[in-house]
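Please read the structure below before turning to the comments.
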Amino acid sequence: MSEIVVERASKSFGSKVAIDDVSLTVDDGEFLVLLGPSGCGKTTLLRAIAGLGMVDSGRITIDGRDVTYVPAGNRKISMVFQSYAIFPHMSVRNNIGFGLRMSKTPKEVIQERVEEAASLLHIEELLDRKPSAMSGGQRQRVAVARALAMKAEVLLMDEPLSNLDALLRLEMRAELKRLLAEVNATTIYVTHDQIEALSMGDRVAVMKEGVLQQVDHPTVVYEDPSNEFVGGFIGNPPMNFIDGVVRQDKGRLAVELAGQKLTVGSALPALRAYGGKPIRLGIRAENMEAVQSPVSDGLKVRVEVVEPLGAQNLLTVTLLSAGSDAQPMKVSTHPTFGVTVGEQLWIRFPSHQIRWIDPQTQEVLSSG
Ligand code: ATP
């Protein structure tokens, strides 16, 4: 059992609040990804869990034991750093066994564990080489093997793939996911790459400016972001946001978007409180439908850019209306959908795909 519980943790560096009242539970054996933009406090939180930096307030328990002020060496955790932190002139064998030697593990156990970890990472043939003569991907494997050889029940990884080129990153992502499922350690993995987070994590914890925004399964975080920040940070392209005003139209609820009227379904009780007030519509590029002839339930747009991406064509369109600021949107269409810049299209917004956002709080109101 290696559940990690963080309760109301805060830490500042001078006047800079790095983590702000963070509470988080990582279940035994779970793979949780900590995701957020640079400087949002991911590393500070990870280091606090590792014991490499203490929190100012709050409590951290691992396996039910309060470790808030316990030094790193006594926490039974293993860590992989972005920089790998391996010794370039020490053999791979000695690098992998380093932590075990420090903890005075018997020699035969070290040998067994080093070979087992090397075999998991497919680097058995590199054991007698020096990292100084190895590629970035190989060094990265050594760093992970060293962490696994410790057989700690908690594994903490800080952007372990960020020094690799795009292709190797893609390969290592899947490899690490397979590997971590095999070793079944409770893992916290820090990244600012949202694709990595969605593809690897059992759950994703999204942070912004030291504050946890949402912690949930990747599909939930993607489809039902709790607020505008999460919708805008996750997804490529990010969620579209369009500003409008809620109107009552012959007893039916409608939203005026750049002078055009979008009638919305009746199952939106939260929206009724916004009559006459500003609202923000959030929708993902792949959840809209583009049609080339006028439809009464679609909004008229102009095509500004067409990006053929192979599996899809990504269109940048703007809502057509007199006197309003053009609001660009990204719409994904089938690659065979023939369209040219300057053309007019009609865009349908399926109501169950719309996320309504309060422009002031930037919180999502309800699923449409
Ligand atoms: P990145 O992805 O760039 O590593 P991060 O999300 O991990 O960023 P942190 O490294 O945790 O963010 O930093 C959070 C905030 O705390 C930042 O504003 C950073 O400048 C500040 N900070 C972190 N460590 C220190 C330190 N030792 N001294 C002063 N400020 C610090």
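The values are calculated or read from the model by the stated rules, or taken from the named source; none is laboratory data. Only a predicted model underlies this, so the values are computations on that prediction, with no experimental measurement involved. Glycine gets a Cβ as well: all are built from the backbone with ideal geometry, and neighbour counts include every protein chain shown. What goes into the accessible areas is simple: the full protein's heavy atoms, side chains included, and nothing from ligands, DNA or RNA. Shrake-Rupley method; radii C 1.70, N 1.55, O 1.52, S 1.80 Å.
A compact table of results
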{"quantity": "Estimated vicinal HN-Hα couplings, Hz - the stretch 36-44 in sequence order (Karplus 6.51, -1.76, 1.60; Gly, Pro = x)", "calculated": "x, x, 3, x, 7, x, 4, 5, 4"}
{"quantity": "Links that overshoot a 25 Å alpha carbon limit, given the list Lys76/Lys107; Lys208/Lys261; Lys250/Lys330; Lys130/Lys151; Lys16/Lys42", "calculated": "Lys208/Lys261; Lys250/Lys330"}
{"quantity": "Linear extension gain, Glu124 paired with Gln362, 0.36 nm per residue minus alpha-carbon span", "calculated": "80.5 nm"}
{"quantity": "FRET efficiency, 1/(1 + (r/R0)^6) with R0 56 Å, evaluated for Ser296 and Asn74 via beta carbons", "calculated": "0.25"}
{"quantity": "Segment Arg59-Ser103, extension gain: residue separation times 0.36 nm, minus the distance between their alpha carbons", "calculated": "13.2 nm"}
{"quantity": "Dipole of the stretch 240-357, positive direction: furthest Cα of Leu271, Val303, Leu319, with charges on the beta-carbon", "calculated": "Leu271"}
{"quantity": "Accessible surface, 1.4 Å probe, highest first, among residues Trp356, Trp346", "calculated": "Trp346, Trp356"}
{"quantity": "Linear extension gain, Arg348 paired with Asp249, 0.36 nm per residue minus alpha-carbon span", "calculated": "33.8 nm"}
{"quantity": "Helix axis angle, 107-120 relative to the chain longest principal axis, alpha carbon, degrees", "calculated": "30"}
{"quantity": "Heavy-atom SASA rank of Thr68, Thr25, Thr340 (probe 1.4 Å, accessible area, largest first)", "calculated": "Thr340, Thr25, Thr68"}
{"quantity": "Paramagnetic reach from Glu304 (point 7 Å along Cα→Cβ, amide N under 13 Å) across the stretch 338-358", "calculated": "342"}
{"quantity": "Average accessible area per residue (Å²) across the chain - probe 1.4 Å, nucleic acids and ligands excluded", "calculated": "46"}
{"quantity": "Surface/4 estimate of mean projected area, convex hull on alpha-carbon atoms of the chain, nm²", "calculated": "22.3"}
